[in-house]
Each structure stands twice: as structure tokens, then as C-alpha cells.
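Working notes, beginning with the structure itself.
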Amino acid sequence: MKTPPTTRREEFKETVHGVVIEDPYRWLEEQNAPETRNWLAEQDRYLHSILDPLAGKAQLLKRLEELARYDAFSVPTQRGDRLFYSRRNANEELTRYCMTIGRGREKTLLDPHPLSPGLTTTYTVHDYSNDGQKLLFGVRDGGADEVDVRLLNIDDLREQPALPAARYLGVSLSHDNKTIYFARREGDLHNVYACDIGGRERKIFEHSYGKETGLSCGLSEDGRWLVISAWTGWSQTDIHLYDTATGKTIPVVVGEKATFSPQIIGDHVFILTDQRAPNRAIYRAPISDPRRANWRRIIDESDQPIQSMDLSAGWIWLEYMKDVTSRVVRFDPDGKPSGELKLPGIGSASGISGRWNDPCAYFTFTTFSAPPSIYRVDRKSLNPSIWKRPNVKRLPAMESKQVWYRSKDGTRVPMFIVHKKGLKPNGDSMTILEGYGGFNSSQMPFYAGSLALWCELGGVYALPSLRGGGEFGEAWHKAGMLDKKQNTFDDFIAAGEWLVENRYTKPSRLSIRGGSNGGLLVGAALTQRPDLFRAVVCTVPLLDMLRYHLFLVGRYWVPEYGSAEDPEQFKYIRAYSPYHNVKKGAHYPAVIFITGDLDTRVDPLHARKMTAMLQWASASGRPIVLHYDLKSGHSGGRPFKKVMEDRIDEMLFVRWQLSQD
């Protein structure tokens, strides 16, 4: 079956703000309709007719196993002499949750391997009790974001139901282990609750915002204050403090067009904000009266954006971004700098965590050529020591560098380029250009076994820092959102042009990859510049931008993208929406769409409709296929072996297309 199945087109038209919009595959939005399920089965047969004959899967998979299978650990959480962490051993498929007491033997607390025959049910930990005796955890089916919450007694491993299956944003256990605090999505809104163990829920904060605002919450370190965040997109946050002792709620910040991230230590609240400081600054206020008038700026904004703030081991730790790599600086509670953490190289430091009175803090450090290691830093030192370091078999010799190029409007944009050590540009290297560019998310150096394998095979990998991300603060984010979203696509296209002009590759050897918001990115790129790319990997994407806000949690993204319901926003969304800009007879690159039934974040209807549209429209003869997993979702929900098999399928598809010169 080397030709795609024929998909029924229906004459569906609607007028939006005076513009006639055709939507011939609207019927594919009905995920469980018999016709859709039959269509998915036909697409799966077509996918396998393309992928199954491709040679070399076993050999590549064996090498990927060597590069990707290692003992992987999370940053640990300390409660007294108990240390909690997750781990997945090299020979395991799923992540376990474990504990050690002092220098004693490791104890497995949660092991998901026995839960489901297909290894698609997993655990996620929400909170460890203050005394280290209990933990709150969720059980997750496949890749769905919804979990049911349970309480585990650590010493005897007895568990009991705590909360029914739902989408939760913040689940915390009181210090007396009697009450759970949580934010839960209910329909289009969130509310915040307290629930006594085994008792009834009581609503303690009611949603009073629009459908585009979500709520999340978390307990302060001392257990008294519940910090409630009301976030509207990724550019505005309201903060309320709920006093668990009195039951009163104090509004701290309401209605300000900026983000605020508070942490409470003792008698003070420390606030990380981009208000009047696009690169962020730190304020401190008394918890007794945290109104805006009582805030005092203790750490000023600099020319390097602050990525995160953590208060642990008696210090304020700030992760700064310097040209898209990490610097970590230590400050005392008054904001006085006290030295810079000595990182092991140029790369990404993240997850700096611990409690204020802990003897140490922990963090992760990684580079393109080194898997994540976990480091520990004592409160009296700036020299971190290794806590856990993975052992990878026969790592290839790789090198990376950062280049700068001009986007369409002249803006300078940085890009990482990674390849095998000693590779010289010759205009003919198979190249993957990957990007994201949205939601204030920074794309920093990272290790992946598949990336190392790609470089070992002679490929080039490129990762630009697109506008819409957070690499250069809130101004960079705002330059790639709403009516400026086209800047993100222009930056990405300009990156591809730079790679060609500087003889790293050529269009017939250039592929692009992106997921989620990055799926929108590559969808826009392939419809705007189909001549520049030969192959596209588009995972869990947003593609019908005129209707994305109507499904699942899409309303929360309206502050980032806008909505077709607004006549002015409709104009610029219509101009780039990938599904609405496919042209019959155009020569599109080969595309593999990847999604699954259990994506409860980005509706898989986007990939289904776009697959059908491109299969109908493209005149290039290159394959348009849909890799659709019935058990996977937006992220997670698959055993590690399946993750690797899917990445090899993706790699074989791309290499096959890039060899068709």
C-alpha cells in the first residue's frame, strides 16, 4: 500500500468575520466516530507499508539502546534523614520512586511495572509529607494529563484513595498529614479545595476569572500558607495567599500585566517578577502585610534574564541565562551577592532545589554531549560535588558551537549547531533543524541518545533560540506571540536558509522537527516554505488555529496566540494557520505526524485533519504519514523501549527522505 488511502472530503463551509472558511475534514474531529476509527486503521496500514521496508532498524536500535539506556535519576527531595528520588535503571522501562534513610539501603516505594501489561500506566509524585512518613502520588493511564491521587504510608507501603481522577495543578499535604490542598480543573474552570483525608472537600478559592485563566497552588515550606496563582497565559499572574490557620485569603497581586512567582521563607515572601523588569528582578515583603506598597526590591534586573529562583540551604539561588547557557549566582536573604556556582562546563543547570534549612541543595547539569548528572552543593560551598552520574557506553565524540544569524526583519538570533567532532561543512550533511519558540520556554543544551546517534551517523543538529521563547527575557517572548507570531516562523525559516548558505546542508538534505507549539512551528514552515525542507517530523501539533481554542485546554493558550473569535486576531491567525494555508498542487516535503488518542492537552484532531489535507493537496509524491498511538498522549505513557523504537522509525523515515537526492 504505497499510496495514501483516499479520505472523504465534505463540502463544509462557514463564514467567519465575513471570510468563507472551508473545512473539508471537519468530520475527523470526531475521534470515536466509526468512520474516524476506520480511517485511522487505514492510515496505520499505510504507515507500515512505508516504514516496514526501511532497512537498518535493528542495528540502529541496538546502538540507541547503548546511548540512551543508563541509570537515570531525578533531583532528590530531602525530609530529615530521608532522601526521596525517582530512578529508571538502564534495564528498566519505567520510572520508579525510591528512598534512602541516611546511608541505609535503597527502598522502592512505587514501581509501576506491574500495573499494566503494556507498561502504559505510570506514577507521578505530587508531595512528600513534612515528616517524610507519607507521600501523595498520582496514577496516570497512558499519556493522559488526568490522574487519580492516592496517599502512601511509606513505612509499610499501604496506600489509600485520596482524590478521584482529574486534571490537578498543585497537590499538597498539610504538615499534620490530615488535609490535602489542590487546584482542579472542572469544565472550563479551576477551583481550589481543601480535603481532609477520608472526608469531604471544601472549596476555599472559587474561580472568578475568565475561561482563559487557570489556577494552581502549593503550600509554603512552613505549611501555613497556600500560595494560589491565577495565570492568564504566560505573561500575567495574580497571586493570593490562603492562611490555613485562619481560613482567610489575602490578595497580593491582582490585575497587573506581569508575572509573579512567590516563595515564602519565615516572615517574608520573596517574589520573582518581570514587572517593569523584562529580565526579572526579586522583591521581598513581610508576610504579615504583603501588599504591593510593602515590597522592597532586593535584586535588580540585569542584562541576563533570570530563568528561575530557588530558596534553599540558607541562600537565594538564581539561574541566569547568558547567551542561552546557565549561570547560577548565590545571594543572601537581603539580596547581597555571595558568589557564583562553579558549574562543570558550558551547558544547562536546572532543578536547583531543597528547603531553606537543608544542609545542601541539588541540581541537574547537562550538555549536548553529556547526559544529565545530579550535583550537590553544600550551604558553605560553591563547589558542587557529584551525587549521581550516568554511565553511557561508547559516547561518540561530538562538538557544538553557537552561531548568530539575521532573521527576516534583521533581528539577530542565536543557534546551536551540534555534530560529530571534526565534521567540516560541505553542503551535503543530513541535517535536523528543531525549534519551539513559544510560551516563554527556553531551549537550552540537552542530551538525548537519539541526537548522539544522529551525530555519530554524520548528521548535523541545529537548535535556534526563536522569538516567543524565554532565552532573552519577556521582551523576547512578546516578540513572538499574538500578532507577532510570524516572527517565530521567520526566525526558523531564516535558520534553515543560514544552514544552506553556510554549506552545512542543502534543501534536499534538510529536515525540520517540532512538537506541540513546535508542531505549529514546523506546520507553518512547511506551508510557507515547502521548497526549503525535504522532510518534516511534526509531533502532537497545533495546526487548525481557527478552532484550537474550542478543544481540551486550548482556551488557556488564547493569551499566547489570540483567538479567531476576535475579528482583529482572526486576521493574523488565518494568515499563518497551517491547515488553512495548504495549497492544492504544491510540492510539499515528506511529513510524519505523531500523536495519540490519549493526548488530553493538544487534541489529536489537528494531526488527523492535517494528514488528510496534505495527502489530498501535495503534488510532490513524497509520503505524508500519520503515526497514531492508541495509548500515548502529549508526553509519557510509553515504556522506554517503545519510545526508542518510535524514535528509530522517525530517524529511518528522515534518513530515507534525505537520501533521495
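Annotations for the structure displayed:
- Some residue of the stretch 299-306 being of a type in the set (D, E, K, R), at pLDDT below 95 and in contact with an Asp or Glu (Cβ under 9 Å, 6 or more places away or on another chain): no
- Here residue 132 passes the criteria (1) of a type in the set (Gly, Ala, Ser); (2) part of a loop (DSSP other than H, G, I, E, B); (3) free of Cβ contacts under 8 Å to residues at least 40 places away in the same chain; (4) closer than 24 Å to residue 170 by Cβ except the one numbered (3).
- Tallying residues that are at pLDDT below 95 and surrounded by 13 or more Cβ atoms within 10 Å (Cβ to Cβ) within the stretch 276-292 yields 1.
- Residue count, the stretch 305-358 (criterion: more than 19 Å from the chain's Cα centre (by Cα), part of a loop (DSSP other than H, G, I, E, B) and not basic (Lys, Arg)): 17
- Look at (1) at negative phi; (2) surrounded by fewer than 20 Cβ atoms within 10 Å (Cβ to Cβ); (3) without any contact (Cβ under 8 Å) to a residue 60 or more places away in the chain and you find that residue 167 fails only one, number (3).
- The listed residues are 363, 331, and the only one of them that is touching a Pro at 6+ places or on another chain (Cβ under 7 Å), among the aromatic types (Phe, Trp, Tyr) and touching a residue at least 12 places away in the same chain (Cβ under 8 Å) turns out to be 331.
- Wholly enclosed strands (runs of 3 or more DSSP E) of the stretch 249-293 bearing at least 3 residues out of contact with any helix residue (DSSP H, G or I) (no Cβ under 6 Å at 6 or more places or on another chain), farther than 23 Å from residue 473 by Cα and small (Gly, Ala, Ser): none
- Those residues of the stretch 625-643 which are crowded, with 21+ Cβ neighbours inside 10 Å and within 19 Å of the chain's Cα centre (by Cα), in sequence order: 632, 633, 634, 637, 638
- Within the set 352, 346, the sole residue that is surrounded by 13 or more Cβ atoms within 10 Å (Cβ to Cβ), within 25 Å of residue 450 (Cα to Cα) and either aliphatic (A, V, I, L, M) or touching a Lys or Arg at 6+ places or on another chain (Cβ under 8 Å) (or both) turns out to be 346.
- Single condition residue 497 does not satisfy, out of (1) under 22 Å from residue 425 (Cα atoms); (2) among the charged types (D, E, K, R); (3) not in a helix (DSSP H, G or I): (3)
- Only a single criterion out of (1) farther than 20 Å from residue 634 by Cβ; (2) surrounded by fewer than 24 Cβ atoms within 10 Å (Cβ to Cβ); (3) in contact with an Asp or Glu (Cβ under 9 Å, 6 or more places away or on another chain) is not satisfied by residue 484, namely (3).
- Given (1) part of a strand (DSSP E or B); (2) within 21 Å of residue 643 (Cβ to Cβ); (3) not charged (D, E, K, R), index of the condition residue 114 fails: (1)
- Residue within the stretch 635-647 that is at pLDDT 95 or above and assigned to a strand (DSSP E or B) present: no
The values are calculated or read from the model by the stated rules, or taken from the named source; none is laboratory data. Bear in mind the structure is a predicted one, so any value in this text is a computation, not a measurement. Neighbour counts are summed over all protein chains in view; Cβ atoms, including those assigned to glycine, are modelled from backbone coordinates with ideal geometry.
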